[in-house]
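The values are calculated or read from the model by the stated rules, or taken from the named source; none is laboratory data. Because the structure is predicted, anything quoted here is derived from the model rather than measured. Positions of Cβ are backbone-derived with ideal geometry, glycine not excepted, and every protein chain shown enters the neighbour counts.
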Amino acid sequence: MIEFRNVTKRFPDGTLAVDDFSLVLPSRKTTVFVGSSGCGKTTLLRMINRMVEPTSGEVEIDGESVLGGDPVALRRRIGYVMQNSGLMPHFTVLDNVATVLRLTGVKKAEAHKRARTLLDTVGLDQSLAERYPSQLSGGQQQRVGVARGLAADPNILLMDEPFGAVDPIVRADLQQETLRLQRELDKTVVFVTHDIDEAFLLGDQVVILDKGARVVQVGSPSEIIENPADDFVAAFIGADRGRRALHLKQTPRGTVVVDSEGRTQGAIVDVPDSVTDALLSEESATKGAP
Amino acid sequence: MNWVVDNLGLILELTAIHLQQSAIAIVLGFVLSLPLGWVAWRYQLVKGPVIVLTGLLYTIPSLALLILLPSIAGYPARSPANLIIGLTIYAIAILVRAVSDGLDSVDPAIRQSATAMGYGGFRRFWTVDFPLAGPVVLAGLRVAAVSTISLATVGILVGVNNLGYLFTNGLQRRILAEVFSGVVAVVVIALVIDLLLLLLGRALMPWTRAAKVPAAARQTATVRAAA
């Protein structure tokens, strides 16, 4: 469990990045910080591994303040995946994955052996092991970044917009991979993104942030979509438009769901006819009203 | 040509001395430039003054430096140490800037990433910052090496023996072949050292030559489809 308690961060230039932020991030769940750029979400993430130190307040992991011990040792216990992979350009793929293991004193041969297993875990071919990052595609680099973050088997994995710089198809692929990994590995994941769809896809707990890391709404994706806290959230998640403004449409072969553009998004299954009938009649009633 | 054949022993002997003097100065200059360059890079306030000051060193006429230094420091001008110290100062003038620029060339995101992985400051410098500054530092080192080897010949004017002897002696005795052989020897040493540095750089920094894989080949290199 990670807990933020009244955390404030003011940078030397006077910017108030985080203003009195409090939140509990449950263990073995994925918490997603989502907000526009400059809302302080990355600053929050970096306070967990003490890349940024709070001006006031406490950040605790399992009841222990992160400010207590040695920051270098703390960081080795916490996995970190960043945008543009952040791989060491002068290390081979294998050496990159083995970085934290080597830092914690694991012998080279053993570290490489474990790094090879991790390549399998993230779905990378062993033939890439001796390549340099510049010889990989963007998607492959991100996979290496994830493998590196997982190498020392940390309980906590921090992911800072890890898929922000890859193309949409690769991103969708990596998102599914992240879901699979989370099911298999059961880490406490803290994920930062500005993409609300990514947040809803990956998050058990989604935290919508505004300037100064002000919490606008916290909840599961369903809770937020079903009950947006205010107009800001409704607008941010696009509840009133596009893929989220759905309504039902009767077709000869059954009831389907269409979006605001009139594109069919899916069919209603496993719902008693009486319910869809009721919904449809309600909908036609609203439409019929002046 | 007769002169060269007859005096091959002398030329080789002077070449060895010349190489030794230059090599010591280059290595010393490099070692001293590392902390200076780091300070210039790390503390932006002193960066300007350090770069300007070391740059100014280069404008001091070499002959004047070799005459002034011993009179200030109190050692004989004729000693090889005098020349080596002078050459070291000129090497530093080039290398401090190269080290500082090299460290500047390291992507800050990579540095942050290394910190996030759990590198301590000292270890990060030697395993991440310094190797990544390598290509820029090496470029500076190659310039410094060649210029040091060429500059060393001035030592003969204060009585330090090396390939410069072939210039002054050849001039006095009007033996053009002697002067030429001196020039050739200096150029050959400079080229050989430059080549050695280049090869050393390739051996130590294999990632700089890692060929980019064309997009088509990447796909066959198979990222397994997500399960």
Scope the stretch B:20-61; condition outside any helix (DSSP H, G or I), within 25 Å of B:Ala152 (Cβ to Cβ) and hydroxyl-bearing (Ser, Thr, Tyr); matching residues: B:Tyr58, B:Thr59
Among (1) under 30 Å from A:Ser137 (Cβ atoms); (2) within 14 Å of another protein chain (Cβ to nearest Cβ), the one test that A:Thr31 misses: (2)
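Hey, could you check the stretch B:78-110 for residues that are within 14 Å of another protein chain (Cβ to nearest Cβ) and of a type in the set (A, V, I, L, M) and say which is farthest from B:Leu157 (Cα to Cα)?
First, the residues of the stretch B:78-110 that are within 14 Å of another protein chain (Cβ to nearest Cβ): B:102, B:105-110.
With the extra rule that they be of a type in the set (A, V, I, L, M), the set shrinks to B:106, B:109-110.
Working: B:Val106: 42, B:Ala109: 51, B:Ile110: 49 Å.
Of everything passing the filter in the stretch B:78-110, B:Ala109 is farthest from B:Leu157 (Cα to Cα).
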Failed criterion for A:Arg50 (all others in (1) within 14 Å of chain B (Cβ to nearest Cβ); (2) in contact with a helix residue (DSSP H, G or I) (Cβ under 7 Å, 6 or more places away or on another chain); (3) in contact (Cβ under 8 Å) with a residue 40 or more places away in the chain hold): (3)
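Return the residues of the stretch A:193-221 that are of a type in the set (Ser, Thr, Tyr) and modelled with pLDDT under 90; say none if nothing qualifies.
Within the stretch A:193-221, no residue meets the criteria.
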Those residues of the stretch B:111-134 which are surrounded by fewer than 22 Cβ atoms within 10 Å (Cβ to Cβ) and facing chain A (nearest Cβ under 10 Å), in sequence order: B:Arg111, B:Gln112, B:Thr115, B:Gly120, B:Gly121, B:Arg123, B:Arg124, B:Thr127, B:Pro131, B:Gly134
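Can we say A:Glu177 is within 9 Å of chain B (Cβ to nearest Cβ) and not small (Gly, Ala, Ser)?
Details: within 9 Å of chain B (Cβ to nearest Cβ): yes; not small (Gly, Ala, Ser): yes.
Here the answer is yes, as A:Glu177 does meet what is asked.
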Positions within the stretch A:159-188 being over 16 Å from A:Val122 (Cα atoms) and within 10 Å of the chain's Cα centre (by Cα), in sequence order: A:Asp160, A:Glu161
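Could you pull out the residue among B:Leu151, B:Leu157, B:Leu138 that is in a helix (DSSP H, G or I) and either at pLDDT 95 or above or touching an Asp or Glu at 6+ places or on another chain (Cβ under 9 Å) (or both)? I'd like the intermediate steps shown before the answer.
Working: B:Leu151 fails: either at pLDDT 95 or above or touching an Asp or Glu at 6+ places or on another chain (Cβ under 9 Å) (or both); B:Leu157 fails: either at pLDDT 95 or above or touching an Asp or Glu at 6+ places or on another chain (Cβ under 9 Å) (or both).
Just one listed residue meets the conditions, B:Leu138.
Would you be able to tell me the number of residues in the stretch A:4-28 that are under 30 Å from A:Arg180 (Cβ atoms) and touching a residue at least 60 places away in the same chain (Cβ under 8 Å)? Write out each step before concluding.
Restricting attention to the stretch A:4-28, the residues satisfying the condition of being under 30 Å from A:Arg180 (Cβ atoms) are A:4, A:23-28.
Applying the additional criterion that residues be touching a residue at least 60 places away in the same chain (Cβ under 8 Å) yields A:23, A:25-28.
Here the count works out to 5.
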Matching residues in the stretch A:95-148 - criterion: being within 19 Å of A:Leu181 (Cα to Cα), among the hydroxyl-bearing types (Ser, Thr, Tyr) and either more than 12 Å from every other protein chain (Cβ to nearest Cβ) or not in a helix (DSSP H, G or I) (or both): A:Thr117
Near pairs, Cβ below 8 angstrom, 6+ apart or cross-chain, from the stretch A:79-94 (more than 7 Å from every other protein chain (Cβ to nearest Cβ) and closer than 20 Å to A:Leu158 by Cβ) to any residue that is in a strand (DSSP E or B) and not small (Gly, Ala, Ser): A:Gly79/A:Ile156; A:Gly79/A:Leu157; A:Gly79/A:Leu158; A:Val81/A:Leu157; A:Val81/A:Leu158; A:Val81/A:Met159; A:Val81/A:Asp160; A:Gln83/A:Asp160
Residues located in the stretch A:155-177, provided they are more than 15 Å from A:Asn84 (Cα to Cα) and out of contact with any Lys or Arg (no Cβ under 6 Å at 6 or more places or on another chain): A:Asn155, A:Ile156, A:Ile169, A:Ala172, A:Asp173, A:Gln175, A:Gln176, A:Glu177
Any hit, the stretch B:77-84, residues being modelled with pLDDT of 90 or more and either touching a Leu at 6+ places or on another chain (Cβ under 6 Å) or within 30 Å of A:Thr99 (Cα to Cα) (or both): no
Checklist (1) more than 14 Å from chain A (Cβ to nearest Cβ); (2) assigned to a helix (DSSP H, G or I) applied to B:Tyr75, failing item: (2)
Residues being facing another protein chain (nearest Cβ under 8 Å) and at pLDDT 95 or above - total across the stretch B:193-224: 0
Filter result for the condition that a residue is farther than 24 Å from A:Gly238 by Cβ and in contact with a Lys or Arg (Cβ under 7 Å, 6 or more places away or on another chain), over A:Pro26, A:Pro54: A:Pro54
Residue in the stretch A:70-87 that is surrounded by fewer than 23 Cβ atoms within 10 Å (Cβ to Cβ), in contact with a Lys or Arg (Cβ under 9 Å, 6 or more places away or on another chain) and part of a loop (DSSP other than H, G, I, E, B) present: no
